[in-house]
Structures are given as structure tokens and as C-alpha cells.
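J.: The structure follows.
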Amino acid sequence: MPSSYPRRNRTPGELALAAALVIPIVIVMGGLVFWPLATSVVDSFFRIDPMKPGTPFVGLANYGALMADSNVQTAWLNTLAYVAIAVVLETIGGMGAALLLNRVKHGRQWLLAITVLPWCLPPVVNAIVWMWIFNPSYGLLNHALLWLGVIDSRQVWFNDRATALFLVSLVHVWRMMPLTAVILLAALQSIPRDLYEAARLDGAGPIKSFRLVTLPLISSGLAIALSQSTVFAFNLFDEAWILSGSSLDTRSVIIQVYLTAFQNLRFSSGMALSILAMLASLLVSLIYVLRVYRETRYD
Amino acid sequence: MRSLISTLPGRIGTVLAVTLLVAWSLGPIYWSLVTSLTPPLNLLGAPSLWPQQITFEHYAKLFGATSMSQGNAVQSVWPQFSAALANSLITSILATIVTVAIAAFGAYAFVRLEFPGRDLLFVAVVATLAIPAYTVMIPLYRLMISLKLIDTYTGITLIYVSAFLPLALWLMRSVYQAMPISLEEAAWLDGAGRIYTLVHIVLPLSAPGLIASAILTFLNAWGQFMVPLVFSPTLATKPLTVLIPEFVTRNYIDFGLMNAAGILAIIPPVLLVLFLNRYLVSGLMAGATK
Amino acid sequence: MKRRVFLASALTLPLLASFAGSVFAADGLTVLLPPWGTLPKEMTDRFAKDAGVTLDAQTLGWDDIRTKIITSMVAGTAPADATEVDWSWVGQFGSANWYVPLDDKIDKAVIADIPTASIFRYDGKLLAVPYSNDFRILIYNKAHLDKAGIKAAPKTPDELLAAAKAVKSAGIAEFPIGLPLSATEGTSTAWYLLTKAFGGDLFDKDFKPLFTDKDSGGYKALAFEIGALKDGLIDPAATGLKDVEVQEVFKAGKLTFDVAGWAGNLSVYSDPSKSQVANDVAAALMPSTTGKSRTFGLPEAVGIPTGAANAKAAQDFIAWLAMPQNEIAAYEALGNLPPRMSVLRTLNEQGKLKQGDVLLEQAAVVEPLIAQGTPGWYPQFSTAVASSINQAAKGQLSVDDAIAAIAKAAADAQSN
């Protein structure tokens, strides 16, 4: 990452100030995140199962068993599908919403409030509202599509795996898209307006000025937005759990973690899987954080 | 840009896009509202876009002198509901204030100050975004028990701060990075100290970023379920997101009541976003004149 | 101005917080129960007076109680002084030694009056005392059968199918049989019940599967469910329905049979303010191929986790809850069917029990799902059962494959 300031000699006061500003972060994150995380990572190398006496060291056995488990493999595939669908839709939709919010002059605060509304619904209520919409017998979706003539008989949406995966993702996207929109909006608002004027004077159309001015300048916002949508999609739980329970067609990795640790009481095995989920979402995020910074830098 | 908006096709496009965004965001919520106003027995009929028969019974169950639980009359759930509403507000607002404050000052250090391990620390903090709640829940529970912070606002707030700080920090860092250093240097030349510059020059200019971080943190905290489920056992700190699912019982799914409670639950965050947004807009105006 | 508002709120909020915190903090007995275990204030006040302790009731949604208990027990603390214990958790909580044995703490005569108490024994030790009775019974819409010209409730699975076909062909109900087929626990328990109806059992005494043979009860039960689905007797949408949602459809008058009916639901079904079939609902003994009706119990109980701070008060609470007048009060306020046979009989004599005679007759033959007790691997097995049945109902697995998948799941769950 390029430094945005010239390198100078550090003053003694600067170090003290930096310490004062950063220490709260170190304490909170160290105590409440890194320490518990380290405990869980260590636990994942032991057999911790309250139903069995003792907690012997088992090395990578928990991880090995997860690799071989066909349910876990299915859960990974489902989660990858969720991540792909959610990230693409949230980024496109969130970018559209942010550009629109940045452009609208009248009633912008109302439009922003409306845009973030889906996210204010408690997650459980969100999933239940959609469950009601997807209901095969009484749901709005079937009635609307029948009325429009798109389908000619009532559909049981969750009987088809691809449809089920898409609908679960859609519920997730509906809830999480505002996050992307708010991040990108904040980034858009930091772009000085005269840059667009300059681009226009150079004869750039709206698409060209988006590509040459907007995109590079919001690149860090875009990286943040992409990473958070990836991370949240990897952590998808409520939507799939409420819409179709433990069904293998829609079971996400985190549902599998819940089932393993909190239902089957294979605690350390669940921890191992959740750590793999963390590593996977970090890896995917890292790929586009690096890409976004590389592709959009001025140089 | 300006000329594009003033052309007719551009204007129609904008109106269409606004309509689409509003329909996408409000459609399911409107449907939730309709469900909350429909008598229970009509819910199993053909859906209609406007309830043929409007009832406030689901809301009455929340506000009335007697409430229904699994279809049985019990004491009003309103005291529980209002306590949970207050808890949601208090924990979310506290978490927002603390998170944004730490992020606003901390991010400055990550951008403008030099200290050993700076980039490593930043990357490590941001990487914690990816940790699933289940991974840290049980060690965290042990820690909170030993600190006697279970079922306290302090405990919940601390956990929220640790969960939402990375995103706010990252966002604030990107805001500061985009800011030209020349303004600060001018102040330093005038003899202003670092803190003075940060508070009086940098922070006001970062208003959109601060507001965005506040909105993100508040809404993330407002929607939390897993953390309060475990760390808020009683109404002393239990928020709405944990209270509302209790209305779904094994014997009785009350779609009407769930939706009514959900509709009530979205009012406070929306008011807050509207309120914050005024500052967002005024922050923009300030930016426009710079 | 802005800063003053900020400062003022920053200062007042923690104050407010500590104030609100102190209002609700109470010493005394903490109890963690689902919404239907949340007693009305009149009852909790009475308990506080009788026992001299204040009752601090914590309510959590059904799925969430278990997460809460497991989190705190793994972390080494009791989640509350007394908590919900579901029949399906007995094996896990028992083998983890998480609950205090209650044998010498509760009156033996009371336990003897509660047949379902045996379901809460692990290794011979009583882990919890039932407060809510639940078992499965056939609930049907009598008006549908009358219209189809059927005089009596079906006594065998075949009669049930024939009656459903008659109802369907008469155009009275499009999908007469209500059975959940989603990947949820209700789907598994319905199959277990039908397994017993076909004269079978899930496991032998060594936990070897007894459902793999084509003549076994379990195989026939699954074939029955999938066959009824293919014949259009079960709504194809049932693949997405939980048991409670099937019950909503029954209440709307669109089902003839709630095959895996919950005994406690009869009072809900026959209440005109909650059900459109209040006058038409009736109950019958579970159909059976052997001539002897069978069903199994799914009761809920209260137990004391090890390390509970106030175990003595928790013990008093459990004993108090099992008193006849309190079981009756809980039935009237919350609809929890009393676990004590003597109380059930009293209620029936007073005419307070809907379909009381059938209920009592069925209650007398309630057995545990697994004779030797719920094993620790039951939850894992049961999730796999629900997933496999769900896949079979969606047409992704044949009946043979689904049965094989369930048998494999049983082996996997036991091998861990």
C-alpha cells in the first residue's frame, strides 16, 4: 500500500501519541478477539467432547475427519455458491444504489433511510418475512408469478437445489446490500467534484468518467465492501436455517459448525471447521483486496 | 454530470432507478406490514396486496393489557417489549459511540503516525472480520464470566466494539488516506498540535466517513442475535432480536405477531438513520465549499 | 451545540444503563425455560410466597435454549439454577454429567405417577422431572370423513390411506394427509411414529438398525410416506413444511389427518378463536398393523445443571411444579398437558380434557422412542434422518437409498 505522506523522522511525541491512540484497539481486540481465537485454535487440536472423558491431543485428526465428511463437502459447495451469488449481486446492486444516492438531490435522506431499512429488520424476522413470501401455498411469489403468467402451476421453490440456493442468497442479499451501498456512498462522497468537471472538459462521457475517475478513487471503499460481503456470506446462517432447516441442499458451513459443535457436541471438531471457514473467507477477501488495489492504482 | 441529470432521459432514468430501489427495499417490508394487519385466519387465504380486513390485534397483543402467548392470554408482553427495545437502543448506541470514537482516533494513527508494527497490527485487526461468532463464543463466555460482565451493558458493548471495530477502523483509514495532507501541514506550521489538528480539522472534514461508520456500527449492533443470545440471559440487557423469536413457539407460529414486532423494531433505527443523515448531508455541504 | 449533545448523551447513557441494570437484577432462583414453560405471574408469585425465594424466569426460544446450555456448560458454568431438558438431550447431557441426579430429591410417589419420567433416566439416574407431557396421537377432521361417508376413524395404516383416497376423490380435501417432510426434527419424529405404527422399532438392544429390511416397520413407514406423496395424498409443498406449519394447514380445514398429532394440540384445534375446525376435530388411537396401538413420548422436563448456585431452591421449584394444583394451573394457562396420570384423570373427570377418553387411552401406552434410553448420538442421527427423508421426498433419493443413508448415519453417529 502506498504511503500517503512523505517519510519523515519520527518524533518522540509521535510515538507516545500513536501508543495512546492505538492502545485501546490493542486491548479490546487482543482481549476479546485474539485471546479467545487462540484458545479455540488450540482446542481444535484436542478431542473436546463433553460426552467422552478426557481431552487427548489429537493433532490434525479433527481437520482430517472434516475433509473426509461428505456432509461437510456439500456444505462447502453451498457456501461457495452463496458467496459467489451474494458478492456479485451486493456489489452491483450496492454500487447502483450508492451512485443513485450520490446523484439524487431532493429527499436523499429519505432514500438513504429506505435503502438501509432491510438491514434494520431483525435477521429472524427477515427470514420469516421471506419464508412467508416463498410459501408454496399462500406465498406472494407464486401468486405474483402465476398472475404474470411466468409459471402455470404453483411451485415448491425449495424442492430444486439451484433455486433454493439462489433464494436463500437473495434473502441474504436483500438484507446485506445496504452495507455495501453505505460504504460505497461514503467513498463516493469523498471524491472532489472538480475532478468530474475536468473529465467532462476532456470529453469523457459518463461511462468513461466512471471508469477513469470514480472507480480508482473509490477503490479502497470497494475493497472494504467486497471483503465484508464475502465475510458475511461465508457466515450465512439464519436465512438458510429458517428457510429450510438442516436440509443438505442449502446447508452452509456455519450451519454445519452449529450442528457439529452445538447439536452433536463434537465441540473441537466444530471449532476446527469454523477456523477453516475463517481461513477460507480471509483467503477469498485477500484475493480481491490485492486485485482491487493493483488494478485501480494510478501509477 | 449536472447536464446529464437535467436532460430528460437522464431524469427518467433516475426516477426509474429510484422507483426500483424503493420497491426492492420496501416491498418485503410492506408485505410484512400487510401481514401484521391481517386477521390470523385470513392469512391462510389468497394473498391480496391490501388486507381486505384490517386488524390491530397483533399490535394489541404487544401493547394491550393482556397479551397472547401460544394463543393463550397471559400478562401483557409490553413491559418486556419496551425493556428489550430500551436494551437494543442502549447497547447499540453505546457500541456505536465507543466504536466510532476508537476508530476515528485509532485510524488516524494508522495513517499519519509512524510506529513499529503499524501495518501488521492494522492487517491483523481487519482480518478478525472473518472470524465466525461460534469460533470465539465459548472462550469469550468464560472470560465474561470471570470478569462478571455477563448480562451487563458493559459486557455486551465491549463485545460489540470488538466485533465492529475492524470495519469502522478500515473505513476511517480509507477516509483519512483520501484526505490531502496539505490542510494538516498548514495547521502544523501555524503551531497547532497533532490532537488539535485531528479534532478541529481532520474530524470535521471526515463527517461523511464518521457518519457512515456510525450507521454501519449501529445497524450491525442492532441486528445482533448470537451474541446477546448467550451474553444477555435476562431482560436486564436482552435486546429485541432475542425477544422477538420467542414469539415463535413450537406449538404456535404467530406470523402476525412476529411481523408486528418486526415492524416496530425497524422504527428506532430508521429514525436514527434519518437523524444522522442530516449530519451526513451537512457534512457534504461543508465539503462542497472547501 | 453538537458536541454538547454528544457529551450529554455519552454521560447519561452509561448512567441510564447502570440504573436499568439495577432495576432488573434480582437474587434468587434463576430458571431457564422455553415460552411455554414461562408461568403466569400469579403462579410465580405464589411460588415466591410458598418457597420464600424470588423466581427469576429466563425465557428463550426453543432452538436457542440448547445453544445457551451447551455454551455455558462447556465453559464450565451453570446457565441457570434449573433449566429445560428435552427428552432428546438426555443421552448427551447424561453422558456429559451435566445434570444433578434427582432420584433422592423428589418424592418417589410423584415420580411413580409420571410414566414419562423413565425417559429422563440416563444410566438409571433421573436427570429431570417432566413438566409437560407430549405424545403423538391421530388427529382428524371428522366432518371430512362424514362427507366421504366414512363412519369410523382408521385403525390401520391401510385404512388411513383408503380413507385419504376417498376424501381426495370426493374432492373434500386436495391433500388429505398432513405430514412434515422438511429437513427438520418434526419430519424425523413423524417417521419414528409411523415405524411403530407398522409394528417396528428403530434399534435392537445393541443399537443395530432394525429398519433396513424391506419387511421392517421403518422401511414400510418411509415407503408409506413417499407413496402417499406420489399418490397426491400429501401436499408436494410438505417438503418445506415444519410440523407446526402442517398444524396451521390442519387448522385451516385443508387437511383430513394430522397423522403425527400432538396430544396437547387438541385444546388448540378445538378453540374457535384459533382454529377453523374447532367443531370438527377429533382424535383416535394411532393406527397400527398389529392391532395394538403404539406411540412414543416426547415430554419436556426441568433439571438442575451441575454447579447451579441455588440447587436447593431449584429442587423446591421442581417439586412445586409437580404438585397437582400447579400442573392443572399450568395446563389452564399454557396448555401443557399434565405429566401425572392422576392429574390427567382428574382433569378428564372434570370434563376439562378435550377428547379426554382417547387421550387417556393413548397415554396409557406411551413408550420411549428408544427402549434403552435416548443415546448421546441421537441428535446427530435424527438430523440425518430428517435430511434423508427430505431428499427422498424431493425425489433426490429412492426409498432404498434413503433407508441406506439413514442406516449409514446411524453407524457414523455411533462410531464417533
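What follows is calculated from the coordinates using simple rules that are stated; it is not laboratory data. Keep in mind it's a predicted model, so treat the numbers as computed, not measured. Please note: Cβ atoms are built from the backbone with ideal geometry, for glycine as well, and neighbour counts cover all protein chains shown.
J.: Sort A:His172, B:His200 by Cβ crowding within 10 Å, fewest neighbours at the top. Working shown, then result.
T.: Working: A:His172 29, B:His200 11.
So the ranking, lowest neighbour count to highest, is B:His200, A:His172.
J.: Quick one: which of C:Lys108/C:Lys312; C:Lys125/C:Lys408; C:Lys41/C:Lys274 span more than 20 angstrom between C-alpha atoms? Each step should come with its number before you reach the end.
T.: Details: C:Lys108/C:Lys312 18 Å; C:Lys125/C:Lys408 30 Å; C:Lys41/C:Lys274 24 Å.
Table pairs above 20 Å Cα-Cα are C:Lys125/C:Lys408; C:Lys41/C:Lys274.
J.: Per q in 0.06, 0.09 Å⁻¹, report the Debye log10 I(q)/I(0) for the protein assembly as shown, using one uniform scatterer on each alpha carbon and no solvent.
T.: Debye intensities relative to I(0), on a log10 scale: -0.46, -1.01.
J.: Counting other C-beta atoms within 10 Å, which of B:Ser232, A:Ser70 has the fewest, and how do the rest follow? If you can, show how the numbers build up before the last one.
T.: Working: B:Ser232 26, A:Ser70 10.
Lowest to highest Cβ neighbour count: A:Ser70, B:Ser232.
J.: Answer with one residue from A:Leu165, C:Leu298, B:Ile131: the one whose Cα lies farthest towards the positive end of the charge dipole of the protein assembly as shown, charges on Cβ with Lys, Arg +1 and Asp, Glu -1.
T.: Highest projection toward the positive end goes to B:Ile131.
J.: A further question on this structure: In debye to the nearest 20, how big a dipole does the stretch C:101-241 give about its Cα centre with +1 on each Lys and Arg Cβ and -1 on each Asp and Glu Cβ? Mind dumping the intermediate values first?
T.: Working: 17 positive and 19 negative charges, 74 e Å.
Value, rounded to 20: 360 debye.
J.: To make sure I understand the rule: partners must be aspartates and glutamates, Cα under 16 Å from the Cα of B:Lys238, and not fewer than 8 residues away in the same chain. Which ones qualify?
T.: The reachable aspartates and glutamates, counting only those whose Cα sits under 16 Å from B:Lys238, are B:Asp151, B:Glu246, C:Asp56, C:Asp64.
J.: Which percent of the Cα-Cα distances in chain C go past 29 Å? Don't skip to the answer; put the middle values down first.
T.: Working: 41956 of 86320 pairs.
The calculated P(r) of chain C puts 49 percent of pairs beyond 29 Å.
J.: Still on this structure: Compute from the Cα atoms of the stretch A:205-265 the Rg and the Dmax, the latter being the longest Cα-Cα distance, and quote both in angstrom.
T.: Calculated on Cα positions, Rg and Dmax stand at 18.7, 60 Å.
J.: Once every Cα of the stretch B:79-288 carries one equal point scatterer and solvent is ignored, give the base-10 log of I(q)/I(0) from the Debye formula at q = 0.19 Å⁻¹, two decimals.
T.: Here log10 of I(q) over I(0) equals -1.33.
J.: If you don't mind, another one. Working from the pairwise distances between different alpha carbons, so that the mean of 1/r is found and then inverted, what is the stretch A:63-296's Kirkwood radius in Å? Let's see the in-between values first.
T.: Details: mean 1/r = 0.0508 Å⁻¹.
Across the stretch A:63-296, the inverse of the average 1/r is 19.7 Å.
J.: Using modelled backbone amide H atoms (1.01 Å from N, in-plane), which distant-in-sequence or interchain residues come within less than 5 Å of C:Glu367's amide H?
T.: The list, which skips near neighbours in sequence, is C:Thr295, C:Phe296, C:Gly297.
J.: Also, quick follow-up: Under 20 Å Cα-Cα from A:Lys105, which lysines qualify once same-chain neighbours fewer than 8 residues away are excluded?
T.: Once the sequence-local lysines are set aside, what remains near A:Lys105 is B:Lys290.
J.: Read phi for every residue in the stretch A:65-77 and hand back ³J(HN,Hα) as whole Hz from Karplus 6.51 cos²θ - 1.76 cosθ + 1.60, θ = phi - 60°, with x for Gly and Pro.
T.: Going residue by residue, I get 5, 5, 4, 7, 6, 5, 5, 5, 4, 4, 4, 4, 4 Hz, with x marking Gly and Pro.
J.: Another question about this same structure. With charges set only on the Cβ (+1 for Lys and Arg, -1 for Asp and Glu), what does the dipole of the protein assembly as shown come to about its Cα centre, in debye to the nearest 20?
T.: 2680
J.: For the stretch A:1-158, what D do you get in µm² per second when you plug the Kirkwood radius from alpha-carbon pairs into Stokes-Einstein at 4 °C and 1.567 mPa s? Intermediate values should be presented prior to the final figure.
T.: Numbers: Rh = 22.9 Å.
It diffuses with D of about 57 µm²/s by this estimate.
J.: Roughly how large, in nm² to one decimal, is the mean projection of the convex hull of the alpha-carbon atoms in the stretch C:61-188?
T.: Working: hull surface 45.5 nm².
Spelled out: convex hull of the Cα atoms, projected over all directions, averaged, 11.4 nm².
J.: Then there is this: If you take the beta carbon distance between B:Lys148 and C:Ala112 as r and set R0 to 35 Å, what does 1/(1 + (r/R0)^6) give as a FRET efficiency, to the nearest 0.05? Walk me through the numbers on the way to the answer.
T.: Working: r = 43 Å, r/R0 = 1.23.
After rounding to 0.05, the efficiency reads 0.25.
J.: Over its Cα atoms, what ratio of radius of gyration to 2.2 N^0.38 Å does the stretch C:269-416 give?
T.: On the way: Rg = 20.1 Å, N = 148, 2.2 N^0.38 = 14.7 Å.
Compactness ratio reported: 1.37.
J.: Grab the eigenvalues of the alpha-carbon gyration tensor for the stretch B:141-180, scale each by 5, take roots, and send me the semi-axes largest first in whole angstrom. Could you put the intermediate results ahead of the total?
T.: Details: eigenvalues 204, 12, 7 Å².
Ellipsoid semi-axes (Å, largest first): 32, 8, 6.
J.: Could you tell me the extents of the stretch A:100-218's C-alpha atoms along the three principal axes, largest first, rounded to whole Å?
T.: 57, 30, 27
J.: Taking the Cβ of each residue in B:Trp31, A:Trp241 as the centre, tally the other Cβ atoms inside 10 Å and list the residues starting with the fewest. Write out the running numbers ahead of the final one.
T.: Numbers: B:Trp31 19, A:Trp241 22.
Placing the least packed residue first, the sequence is B:Trp31, A:Trp241.
J.: For the stretch A:112-118, take each phi angle, set θ = phi - 60°, evaluate the Karplus expression 6.51 cos²θ - 1.76 cosθ + 1.60, and give the result in whole Hz per residue in order, putting x for glycine and proline.
T.: 5, 4, 5, 5, 7, 3, x
J.: Note down the magnitude of the dipole of the stretch B:75-205 about its Cα centre, charges +1 on Lys and Arg C-beta and -1 on Asp and Glu C-beta and zero elsewhere, to the nearest 20 debye.
T.: On the way: 6 positive and 6 negative charges, 70 e Å.
The calculation lands at about 340 debye.
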